[in-house]
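Taken together, the values in this text are just the output of simple stated rules run on the coordinates, not laboratory data. Because the structure is predicted, anything quoted here is derived from the model rather than measured. Cβ: placed from backbone, ideal geometry, glycine included. Neighbour counts: every protein chain shown.
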């Protein structure tokens, strides 16, 4: 297949490397795959992610690839040495990596004395709960941010190469410095994971009756607490500095809250001057931060209007509701299901653009749906 | 309307009091409504929540009600004195309250020297983001837990009265001691709220590019951070002791994590003996707690199988998917929509019982849907 895409060598055929191969093949490229595990690289090849490069330990023998771009798709702790090797081995190539931490890897490369003109750190913000080549998907990167970290030292053509590949697999390029990247993912990804885990850990030893009082709030907060400990140990250790900085801020607020709660004691009518202001500030600051989280399409947050509808717990009931919404010409922005304890029905909270809510309520009522609000 | 339900006097016609009135009227009862605000009590009456009792300041004049059960539905800080008044004013009646904190109120009643045989603290686990009589709904309590706190001092007939009313409005009675209740809601409701707010607060001052990297994880964790500061100041202050105890535990884990991250420093290959074990334990403990959160219908958590389907961002597309699921005879347990950045489509992650997943995948593929996994 003829393609104007660069020649890409992918080092590491786990979830990200294999998905990148699949996406590039779909875009018309013919990437070369290597992995230190022969099983992993042949599996990725068998899945259609590209053709095989030299086996580990046999580099430089036979047909050495001549990539324009080398993508190191390996765990953070082995990434610096693999990048250093690739920079030395392919003197004409640009080398990027896709690790979820950027500053520490760049520091390591500097320490190793690696020339950095042809190195571009990057991070596609895409992942799954599952790992390995078999979990790979050609559309893993579609619509996801792909952070590209360049600086004055970086050759412009190297940056353009990485951006071209990111765009070819459907990603939106977001240029950030390594520090900006690490601070951003600490706040929007790593610290939320820590908080979810810490809250969930408090439920482990509760009585059955006590956890039975769980509602939609705690389910939302703890959903990602099901994450893999091995993977997250790597991620948190790799971004220890930035995660620690955000957690220090969080702990300062937590300490203030604990102190205020201590002053309030156990009496509902305790005076405790200033204590309630601390509580209110914690919640109000959370309001302000919550308002900054982008909604669907990565757009600025939109205040959707929620329409609550009673749906039976029978196959097709929700489908009928959403088909009726479609007939009314109203597009769904978000949907949440809230089921009662032991009840054969639930409430569907559908979020729509504010201008569409009135018409939707009318249409659904006419269609025999029971609304709340 | 003839009813075998007890005569109920509701003191406080906010969201909970009005909803209780509406639910009791629907169940065939004829509750009496009072509130210190004449506007609030007449509004609740106009909404159909019951008939008016004596106006505030006019108690004891004219037709004094003779309730079997008095429900104090007021904010925690005024609840003890209202309960004490009701116990004295209606010597034959059982008195309950619905405040979200139980131990502190019982302590206050003891301090006030109130005889506790006819007092039964309770807490319907139902609420909304909105407050006041206008937000009242007859089905607010359906399928929700209604915690009932009795002890050796409580007259059995008083406990049965509260349980009967709770059942009449569709709730599931959960007997707990005041301490058990307060500890449970601290862990499953109050601390998750605090954590969501603390995580969200970290996003307030991030750059637009940084918050733009937000994915589904941080959106889940911070969803309830939009809660009302005034309401939550009351709730947290009212349960200060139990919330503080859970937050202390959480802070111990957080401190250990921060220390471990400090030992790891900023190098991806730092040795730091023991530090990674701390990180892994935090995530693993979160796994164990997460597994205890009940799923739909208040049942023990079920491991659903997730089927991921590409859906277009057009009206009716999701409805068509769910209608097709209904035709396949498969019931939806959970649904999550995941939209990519700037893309005209999204991924619907539908959770179904594991036994139904294979059949569903086949049916949807036959129906022309593009699946992932």
What do you get for the angle between helix B:354-366 and the principal long axis of chain B? Use alpha-carbon atoms, 0 to 90 degrees, nearest ten.
60 degrees
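Evaluate 2.2 N^0.38 Å with N set to the residue count of the protein assembly as shown, then give the Cα radius of gyration divided by it. Walk me through the intermediate numbers first.
Working: Rg = 28.9 Å, N = 746, 2.2 N^0.38 = 27.2 Å.
For the protein assembly as shown, the normalised Cα radius of gyration comes out at 1.06.
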What is the order of B:372, A:190, B:248, fewest Cβ neighbours within 10 Å to most?
B:248, B:372, A:190
Stokes-Einstein D for region A:144-241 (4 °C, 1.567 mPa s, Kirkwood Rh from Cα pairs), in µm²/s, comes to 79 µm²/s
Considering chain B as a Gaussian network with a 10 Å cut-off on Cα pairs, which listed residue, B:237, B:291, B:225, attains the greatest mean-square fluctuation?
B:291
To test your reading of the geometry: what angle, between 0 and 90 degrees and rounded to tens, separates the Cα axis of helix B:275-290 from the longest principal axis of chain B?
50 degrees
Say a label goes 7 Å from Cα toward Cβ at residue B:48 in every copy; what distances in nm does this one have to the rest, shortest first?
5.7
If I take every Cα pair under 8 Å that is 6 or more residues apart in chain B, average their sequence separation and divide by the length, what percent do I get for the relative contact order?
11 percent
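Given N residues in region A:182-294, what is Rg(Cα) / (2.2 N^0.38 Å)?
For region A:182-294, the normalised Cα radius of gyration comes out at 1.24.
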Let me test this: with uniform point scatterers at the alpha carbons of region B:85-225, what is the Debye-based log₁₀ I(q)/I(0) at q = 0.20 1/Å?
-1.21
Nearest 10 degrees is fine. How inclined is helix A:240-264 to the longest principal axis of chain A, computing both from alpha carbons?
20 degrees
Shape descriptor, region A:8-176: equivalent ellipsoid semi-axes (Cα gyration tensor, sqrt 5λ, whole Å, largest first) stand at 22, 19, 14
Share (percent) of C-alpha pair distances in region B:1-51 greater than 19 Å works out to 15 percent
Among B:236, B:321, B:20, residue whose mean-square fluctuation peaks in a GNM of chain B (springs only between Cα atoms under 10 Å)
B:321
Full-extension gain between residue B:155 and residue B:81, please, as 0.36 nm times their residue separation minus the C-alpha to C-alpha distance.
24.6 nm
Provide, in order from the shortest bin, the percent of all Cα-Cα pairs of chain B in each 10 Å bin, continuing until the bin that contains the maximum pair distance.
5, 18, 24, 22, 18, 10, 3, 0, 0
